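Okay, structure first, notes after.
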Amino acid sequence: MEINQEQITAFNKDLLVEHKENLTQLSRKHGNLEDIINTISNYNIAIPSWALGAGGTRFGKFGFGGEPSNLEQKLEDIGVINALTKSANAVSLHIPWDIPKDANAIKEKAKSLRLHFDAMNSNTFQDQENQEYSYKFGSLCHTDKNVRDQAVAHNKAVIDYGVALGSKSLTVWLADGSNFPGQLNFRRAFENTLASLKEIYAHLPADWKLFIEYKPYEPNFYSMVIQDWGTSHMLAKDLGKQAYTLVDLGHHLPNTNIEHIVATLMTRGMLGGFHFNDSKYGDDDLSVGVMKPYQLFLIFNELVFGMENNPANNPIPAWMIDASHNLKDPLEDLIQSIEAIETAYAKALLIDQKALEEAQLQNDVVTAQRILQDAFNTDVKTILAEARLRNNGAIDPISAYRSLDVRNVLIKERGMNSTATGL
């Protein structure tokens, strides 16, 4: 299914008058509104290929019907999201779940949908069909060099797929770790991982980046080899200038000050990528902003400040949604997540940074808090709608999605029993 401009224009028609009135009122309050709209208009978030079907838990999985059963259909679904939001023009592929059979054909398919390929993602946390050695006891950290070599070869192959598709980065997340004290020698596991990563890093093209993701627990619950941002940072520094830390919002212990981590990494120019989701207890992979919208806003405050004050030359991070959809229509969930991300971003852009700095220098805690909360409490729906409108997107993407009856159209095209590769 593809959504054309005529459908979006027809949907927007009934909403335009109210939208323009809201925009006029907002313009009277905020002198920098035009700059914020332009920034949001140019903001895009990568959609992961594994997030377009039903997610599951260890207890069960419930389908939605009309799920994409191949990579071409996944691109079409991302095309739908991008047509409505105009903020999702990038695809993040997971290998081997979504190996392109014909890279040139897939690249052309993406181009026809106005999409391009963002970070590639490797998988050494599962054993694949016909795999010679098991990752049961680790991959890049394994005591058996045969297993490590196999995992390294897989990551090199993922890079090669990415080169063929025009990607420029590789994300490595490892499930490596231990469940029991004494099971793993921590130092040996770290050194094995570093040595393996050096082999992968040597295979990177000169214009690529390597993102190293961390996670404190799960699937292993006693230790993880790359358990926190400090370990990721050490590995990246040892690898070289093309390696960075990647922050996943769900990959932290409860109540971790993620915004502080973001600020510290940007101070050193080491924040390479960002995976957006939300959580109540752990790595819940819930819709972005559904549990902790204020924390997301504070994170974007640090991102905005870091991008505007950047002596370390931290690159613009690679943005991606990383979620699992157990109950919602996956496309609706992704649209909601995009809106939540852009809401936090727009609110952060509303912060009067000069006034905040003055309050901080004067140790005026009350004023500093008020500046942040005034921005957070501002309704920015009209800003997001105007940004989409200028890009020929839908003023209200969720309502447009439902008005166009997208899910039922997909069910008619693909059937009720189609299933997507992935989680």
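Would you calculate the volume per residue, in Å³, of the smallest convex hull containing every Cα atom of segment 139-195?
Expressed per residue, the convex hull around the Cα atoms of segment 139-195 is 76 Å³.
So what is the relative contact order for segment 313-423, in percent, with contacts set as C-alpha pairs under 8 Å and at least six apart? All intermediate terms of the calculation are to be shown ahead of the outcome.
Numbers: 46 pairs, mean separation 28.6, N = 111.
Relative contact order here is 26 percent.
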task = For Lys280, list the lysines whose Cα falls under 22 Å from its own Cα; do not include residues on the same chain fewer than 8 positions away.
result = Lys61, Lys215, Lys292, Lys328
task = Determine which residues of segment 276-294 fall in the zone a paramagnetic label at Asn255 would reach in this model, i.e. backbone nitrogen under 19 Å from the point 7 Å along Cα→Cβ.
result = 279-284, 291-294
request  = Scan around Ala318 for amide H atoms under 5 Å from its own, H built in the peptide plane at 1.01 Å from N, and keep only partners 5 or more places away or cross-chain.
outcome  = Gly273, Phe274
key: Bins of 5 Å, starting at 0 and running to the largest distance - Cα pair percent for segment 302-423   = 2, 8, 13, 15, 16, 14, 11, 8, 6, 4, 2, 1, 0
task = Would you please give the residues with an amide H less than 5 Å from that of Lys209, counting only those at least 5 places away or on a separate chain, with H modeled from the backbone geometry?
result = Ser169, Leu170
remark   = Summing +1 per Lys or Arg and -1 per Asp or Glu among the other residues with Cβ less than 14 Å from Ala344's Cβ gives -3
inquiry  = If I stretch the segment between Met234 and Lys20 completely, what's the gain in nm (0.36 nm per residue apart, minus their alpha carbon distance), one decimal?
reply    = 72.0 nm
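Can you tell me the length gained on complete extension of the stretch Gln369 to Glu218, counting 0.36 nm per residue apart and subtracting the Cα distance? Numbers along the way, then the final one.
Numbers: separation 151, 0.36 × 151 = 54.36 nm, distance 3.54 nm.
Residue separation times 0.36 nm, minus the Cα-Cα distance, leaves 50.8 nm.
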ask   = Can you run phi through the Karplus equation (6.51, -1.76, 1.60; θ = phi - 60°) for segment 54-63 and list ³J(HN,Hα) in whole Hz, with x for Gly and Pro?
value = 5, x, x, 10, 6, 9, x, 8, 10, x
ask   = Under a plain spin-label model, where a point goes 7 Å from the Cα along Cα-to-Cβ, how far apart in nm are His30 and Glu413?
value = 3.4
ask   = Expressed as a rounded percentage, what relative contact order does the chain have, with Cα pairs under 8 Å and six or more residues apart?
value = 23
ask   = Put a dot 7 Å past each Cα toward the Cβ at Asn70 and Ala355; how far apart are the dots in nm?
value = 5.6
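Values in this text are rule-based calculations from the coordinates and carry no lab data. Remember, predicted model here, so these are calculated numbers, not experimental data. Please note: Cβ atoms are built from the backbone with ideal geometry, for glycine as well, and neighbour counts cover all protein chains shown.
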